[in-house]
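Engineer: Here it is, the structure in full.
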Amino acid sequence: QVQLVESGGGLVQAGGSLRLSCAASGSISRINRMGWYRQAPEKQRELVAFIISGGTTNYADSVKGRFTTSRDYVKNTVYLQMNSLKPEDSATYYCNANIKTMASYHSVDYWGKGTLVTVSS
């Protein structure tokens, strides 16, 4: 069993910063990719950023230059540093990870429960 637990959400003024964390725990054999999605009310869930095992990162165009994702391979934790936040960044942010467990042959996508980010204007 794998768990992803996010932290770091909250209320911030426009132009401010927040740092999200997501820790993966459980019977993990290998983590291929970790990243972040977000979903605003009445909108579809969208990719924000991800980082793969080799360190390559990918970002949505809307956050490029403002958000940075990084990973601690020892702690199985992924971070999302969010700077220059805008009201349109307000959403529930979900951690996502593609993980192979000790008991499985294949890798599977796991999701956290989400952390709310609210950016006031």
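Engineer: Would you confirm whether or not segment 56-77 contains a residue that is in contact with a Leu (Cβ under 6 Å, 6 or more places away or on another chain), among the polar types (S, T, N, Q), on the phi < 0 side of the Ramachandran plot and modelled with pLDDT of 95 or more?
Structural biologist: Yes: one or more hits.
Engineer: Return the residues of segment 7-52 that are farther than 15 Å from T101 by Cα, assigned to a strand (DSSP E or B) and of a type outside the set (A, V, I, L, M, F, W, C); say none if nothing qualifies.
Structural biologist: Residues satisfying the conditions are S7, G10, Q13, R19, S21, G35, Y37, R38, Q39, E46.
Engineer: If you scan segment 53-72, which residues turn out to be outside any strand (DSSP E or B) and either in contact with a helix residue (DSSP H, G or I) (Cβ under 8 Å, 6 or more places away or on another chain) or farther than 17 Å from Y110 by Cβ (or both)? Steps first, answer last, please.
Structural biologist: First, pick out the residues of segment 53-72 that are outside any strand (DSSP E or B): 53-56, 60-66.
Across segment 53-72, the qualifying residues are G54, G55, T56, A60, D61, S62, V63, K64, G65, R66.
Engineer: I need a count of the residues in segment 104-121 that are of a type in the set (S, T, N, Q), crowded, with 18+ Cβ neighbours inside 10 Å and over 15 Å from the mean Cα position of the chain (by Cα). Can you show your working first?
Structural biologist: Initially, segment 104-121 is screened for residues of a type in the set (S, T, N, Q), giving 104, 107, 115, 118, 120-121.
Going one step further and asking which of them are crowded, with 18+ Cβ neighbours inside 10 Å, we end up with 115.
Next, only the ones that are over 15 Å from the mean Cα position of the chain (by Cα) stay: none.
Result for segment 104-121: 0.
Engineer: Can you name every residue in segment 76-103 that is assigned to a loop (DSSP other than H, G, I, E, B), surrounded by fewer than 20 Cβ atoms within 10 Å (Cβ to Cβ) and touching a residue at least 60 places away in the same chain (Cβ under 8 Å)?
Structural biologist: Selection gives N83, S84, K86, M102, A103.
Engineer: In addition: So, in segment 41-58, of the ones that are polar (S, T, N, Q) and exposed (fewer than 10 other Cβ atoms within 10 Å of the Cβ), which residue ends up nearest to N83 (Cα to Cα)?
Structural biologist: Taking segment 41-58 and keeping what is polar (S, T, N, Q), we get 44, 53, 56-58.
Checking the rest, the ones that are also exposed (fewer than 10 other Cβ atoms within 10 Å of the Cβ) come to 44, 56.
On the way: Q44: 23, T56: 20 Å.
Filtering first and then ranking leaves T56.
Engineer: Please find, within segment 59-69, the residue that is farthest from I31 (Cα to Cα) out of those that are open to solvent by 50 Å² or more (accessible area, probe 1.4 Å) and polar (S, T, N, Q).
Structural biologist: Taking segment 59-69 first, the residues open to solvent by 50 Å² or more (accessible area, probe 1.4 Å) are 61-62, 64-65, 68.
Restricting the remaining residues to those that are polar (S, T, N, Q) gives 62, 68.
Working: S62: 26, T68: 19 Å.
Across segment 59-69, the extreme among qualifying residues is S62.
Engineer: Restricting to segment 97-121, count the residues that are in contact with an Asp or Glu (Cβ under 6 Å, 6 or more places away or on another chain) and not small (G, A, S).
Structural biologist: From segment 97-121, those in contact with an Asp or Glu (Cβ under 6 Å, 6 or more places away or on another chain) are 98, 112, 115, 119; that's our starting set.
Restricting the remaining residues to those that are not small (G, A, S) gives 98, 115, 119.
Within segment 97-121, residues that are in contact with an Asp or Glu (Cβ under 6 Å, 6 or more places away or on another chain) and not small (G, A, S) number 3.
Engineer: Oh, and also: Which of the following residues is open to solvent by 60 Å² or more (accessible area, probe 1.4 Å) and either over 16 Å from T92 (Cβ atoms) or touching a residue at least 60 places away in the same chain (Cβ under 8 Å) (or both): R38, R30? Working first, answer last.
Structural biologist: Working: R38 fails: open to solvent by 60 Å² or more (accessible area, probe 1.4 Å).
The conditions single out R30.
Engineer: Which one of these does S7 not meet: (1) over 14 Å from G112 (Cβ atoms); (2) open to solvent by 20 Å² or more (accessible area, probe 1.4 Å); (3) under 11 Å from the mean Cα position of the chain (by Cα)?
Structural biologist: Going through the list (1) over 14 Å from G112 (Cβ atoms); (2) open to solvent by 20 Å² or more (accessible area, probe 1.4 Å); (3) under 11 Å from the mean Cα position of the chain (by Cα), S7 breaks only (1).
Engineer: Another question, then. I need a count of the residues in segment 44-62 that are within 13 Å of the chain's Cα centre (by Cα) and without any contact (Cβ under 8 Å) to a residue 40 or more places away in the chain.
Structural biologist: Of the residues in that region, 9 qualify.
The values are calculated or read from the model by the stated rules, or taken from the named source; none is laboratory data. Source: prediction; values computed, not measured. Cβ sites come from the backbone with ideal geometry, for glycine too, and all protein chains shown count toward neighbours. SASA here: full protein model, heavy atoms, side chains in, ligands and nucleic acids out. Shrake-Rupley method; radii C 1.70, N 1.55, O 1.52, S 1.80 Å.
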